[in-house]
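Inspection log for the structure reproduced underneath, given as structure tokens.
Nothing in this text is a laboratory measurement; each read-out follows from the coordinates by a stated rule. Everything numeric in this text was worked out from a predicted model, so none of it was measured. Methodologically, a virtual Cβ is constructed for each residue, glycine included, from the backbone with ideal geometry; neighbour enumeration extends over all protein chains shown.
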Amino acid sequence: MTFKAEYIWIDGTEPTAKLRSKTKILADGAEPPVWGFDGSSTNQAEGHASDLVLQPVFSCPDPIRGGDDILVLCEVLHTDLTPHASNTRALLRPVAEKFAAHQPVFGIEQEYTFFQGSRPLGFPENGYPAPQGGYYCGVGADEIFGREIVEKHLDNCLTAGLGISGINAEVMPGQWEFQVGPLSPLQVSDHMWVARWLLYRTAEAYGISATLDAKPAKGDWNGAGAHTNFSTRAMREGYEPIITACEALGDGDKPAVHVKHYGVGIEARLTGLHETAPWNEYSYGVSDRGASVRIPWQVEVDRKGYIEDRRPNANCDPYVVTRLMVDTCCTALEKAGQV
Ligand code: ADP
Ligand code: MN
Ligand code: MN
Ligand code: MN
């Protein structure tokens, strides 16, 4: 007997990478082996030496095909097995290892927007829908567009064993959110990339596409973000480390460096309106959804917990965002003796 393995990888599309996948038939009981692909078709190689290597790093049951079939998330390597420039996971590995004693965990809120043709799902053919207000966590056919797909995606993530922790309708018609975590930096990022693949794959069957575009509708509509909730063991046990982390993210050139790597088009989303802080002004505050970084009210009451970096775009790379946050915050926590 045989089973199917869907090999998934992140390509080299600029400015935002895309997901790719292809199928390998494996003999019963086989571990998914390394495989290859044509990097010249994915903006990862030139035509004269285009072979690249797929190195399996995370596998889970395939909820679309079912049975014994699996999904296999891969890192992209050169044929000498060094990481390809597009392989941001390889950069996260040593940072996660260096600060493992901090026990960092992340919960990421992935916002996204369904499109039918060239319009967000639920936008009328001519003009615009009723303005923002009733759609967030709404109910009813006048406010909710695509729920059947969202439910199917949630079930698919659960069947795959991903650490998905919730879903909600967002502030614009056709806009939704799912949350992954809390999990370690590598786990939350691996699960997020597979959950994104499952989103596109699930919606495909309905003739609907999903986009992580950070500003999918111009005008008076919220953008789409990927709020990144973060804690270390010290932050989960006390309030001083919470403040250390918030201050570290605002120190020196850190705000500029982080924002630069938090997703393409971030200036168009972080305008200071629509529950955002301006991209070029760092701030943090309790319960403040107009700050760059929010300390949830319960965290201030409990004097321990986590922080929410509200800046990452929906189209961010979680391998990059978690690496920067761990590096910046854990370096400062270490200096402060708050491990
Ligand atoms: P919001 O009120 O910002 O919409 P959500 O409920 O959508 O919040 O998301 C909160 C996220 O915070 C969840 O993904 C959850 O897993 C995560 N989270 C909760 N506690 C922690 C923690 N201690 N460390 C990191 N993330 C956490
Ligand atoms: Mn949320
Ligand atoms: Mn949201
Ligand atoms: Mn949030």
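Points worth noting:
- For the chain, the antiparallel share of DSSP beta bridges with both residues in that region comes to about 90%.
- Dipole in debye (nearest 20) - the chain, about Cα centre, beta carbon charges: Lys, Arg +1; Asp, Glu -1: 180
- Along principal axes, Cα extents of the stretch 1-152, largest first, whole Å: 56, 43, 40
- Cα Rg, Dmax, the chain, angstrom units: 20.3, 61
- Unsatisfied cross-links (Cα-Cα over 30 Å) in the set LYS260/LYS335; LYS24/LYS260; LYS218/LYS304; LYS18/LYS304; LYS22/LYS218: LYS24/LYS260; LYS218/LYS304; LYS18/LYS304; LYS22/LYS218
- Enclosing the Cα atoms of the stretch 205-339 in their convex hull gives a volume equal to 119 cubic angstrom per residue.
- Relative packing of peptides 31-39, 223-231 - highest average C-beta neighbours within 10 Å first: 223-231, 31-39
- Cα gyration tensor category, rounded, prolate or oblate, for the stretch 38-105 with a/c compared to 1.5: oblate
- The relative contact order of the chain, computed from alpha carbon pairs under 8 Å that lie at least 6 residues apart in sequence, is 16 percent.
- Charge dipole of the stretch 194-339 about the Cα centre (unit charges at C-beta), most positive-ward option of TRP197, TYR284, LEU212: TRP197
- Cα shape, the stretch 2-87, gyration tensor, a/c 1.5 rule: prolate
- When peptides 116-122, 258-264 are ranked by their average number of other Cβ atoms within 10 Å per residue, the highest-first order is 258-264, 116-122.
- For the peptides 192-204, 291-303, the ranking by packing is 192-204, 291-303, with the highest mean count of neighbouring Cβ atoms within 10 Å listed first.
- Inter-centroid distance (Cα atoms) of the stretch 76-106 relative to the stretch 276-321, Å: 24
- About the Cα centre, charge dipole magnitude for the stretch 2-87 (Lys/Arg +1, Asp/Glu -1 at Cβ), debye: 200
- The stretch 124-202 - convex hull of alpha carbons, volume per residue in Å³: 105
- Pairwise Cα distances in the stretch 147-264 exceed 24 Å for 40 percent of all pairs.
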